[in-house]
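A short write-up of the structure that comes next.
What follows is calculated from the coordinates using simple rules that are stated; it is not laboratory data. Only a predicted model underlies this, so the values are computations on that prediction, with no experimental measurement involved. Using ideal geometry, Cβ is built from the backbone for each residue, glycine included, and neighbour counts are taken over all protein chains shown.
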Amino acid sequence: MKLLVVGGAGYVGSHTVRLLARAGHQVWVYDNLSQGHRAAVSGESLIVGELADTGLLQQALAELQIDAVLHFAALALVGESMADPARYWINNVAGTLSLLEAMRASGVSRIVFSSTTATYGVPEQMPIVETTRQQPINPYGLTKLVIEQALGDYARSYGFAYAALRYFNAAGADPDGTLGEDHDPETHLIPLVLQVPLGQRDEIAIFGDDYPTLDGTCVRDYVHVNDLARAHLAALERLQPGIGLALNLGSGRGYSVLEVIEACRRVTGHAVPVRFAPRRPGDPPELVADARLARQQLGWQPEYVEIESIVETAWRWHRSHPRGYDD
Ligand code: UFG
């Protein structure tokens, strides 16, 4: 297939692009490089453009005779979305509508969309299944939920086929050490912890130790970025007119913040001093996926389940790229 990967220079996008190309697809990346990295898309054709630029998107879709779109481009920080929700509505919602309209105008109707566990808010049941009530507690999760609903309408009325993939905590890096996580600012737990053995940080703050969990710290389901990439490839192959899939992508195993830090200690062989800090607003105590539907629908299951194996790949990347892509 000829594929346009919007946001393909970002963390999950770039890993997926590599896998799609290896699977024999023809891939173009469309990215504004606000968070993505030019160095993460070496080899594929890069179109630098804005999501809001419906005309440029339409031109790319038509001229390249694109068969399907994978849409990763989004602002994705919970705290930032609380402080400045307008940016999230404009970029995530209005931006995605611009993409959907460009697709409609060019007759492209297949899309794989990056959704999130943040659409569930503080879930009523654990592990989370796809029918667990979606009640986001921050603007980020709400913008992703609204887009899922728009996709439902586009499927019903315009014959779109979509897969909304609800990621749990994306983590790790390509094991070959050439692609990885590089956010500015970095807010995610594993890359922040690994800054300690890299000598870039003295300690890690643990946000809350009084949650109703095994050791009082938040529990998350860490899913390897290459496992996410494989799910996109499988979802793409399932898209038929009128099909709408919404699937959880997680490993099904929960790890507490303290367990993740301990795994980083073991993998790096370096002590990681910790400091207990207040809870971070907007953090649910526990988020763990029931990903059986993705297994049924896509034949997908994660290859990385043990947290050490995920941290090992992240460590390989950060050790060899202490300043990220350095661009
Ligand atoms: N944490 C710390 N100290 C830090 C950083 C994180 O204790 O310095 C904790 C957080 O409080 C949280 C856990 O580590 O309990 C994981 O935090 P991350 O920031 O790595 O990930 P989140 O779970 O907050 O975020 C992920 C995705 C978001 C998504 C969110 C849904 O990255 O895109 O899950 O809750 F919206």
Low-density loop positions, GluC sites (Glu not before Pro), segment 282-327 - DSSP coil, at most 14 other Cβ in 10 Å: GLU303, GLU306
Residue among GLY43, GLY252, GLY13 with the largest mean-square fluctuation in a Gaussian network model of the chain, springs linking Cα atoms under 10 Å: GLY43
Under-5 Å amide H pairs with ILE206, H placed in peptide plane, nonlocal only: ARG275, PHE276, ALA277
Highest-fluctuation residue, GLN301, GLN134, GLN149 considered, GNM on the chain with Cα pairs under 10 Å: GLN149
Charge dipole (segment 133-190, unit charges on Cβ, about Cα centre) - positive-most of TYR158, TYR140, ASN169: TYR158
Unit charges on C-beta of K, R, D, E only; dipole of segment 68-204, Debye: 680
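Taking square-rooted eigenvalues a ≥ b ≥ c of the alpha carbon gyration tensor, is segment 53-205 rounded, prolate or oblate, where a/c under 1.5 means rounded and, failing that, a/b exceeding b/c means prolate? Before the final figure, lay out the partial values.
Working: a/c = 2.02, a/b = 1.48, b/c = 1.36.
Verdict is prolate for segment 53-205.
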Debye, to nearest 20: dipole size of the chain, +1 on Lys, Arg Cβ, -1 on Asp, Glu Cβ: 560
Inter-centroid distance (Cα atoms) of segment 74-118 relative to segment 282-320, Å: 23
Gained length - SER45 relative to ARG279, 0.36 nm times residue gap less alpha-carbon distance: 80.0 nm
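Which ordering of GLU148, GLU101 is given by a fewest-first count of other beta-carbon atoms within 10 Å?
Placing the least packed residue first, the sequence is GLU101, GLU148.
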Restricting segment 76-173 to trypsin sites (Lys or Arg not before Pro) in coil, as DSSP defines it, with at most 15 other Cβ within 10 Å: ARG133
Of ALA23, ALA173, ALA74, the one that fluctuates the most in a GNM where the chain has Cα springs shorter than 10 Å: ALA23
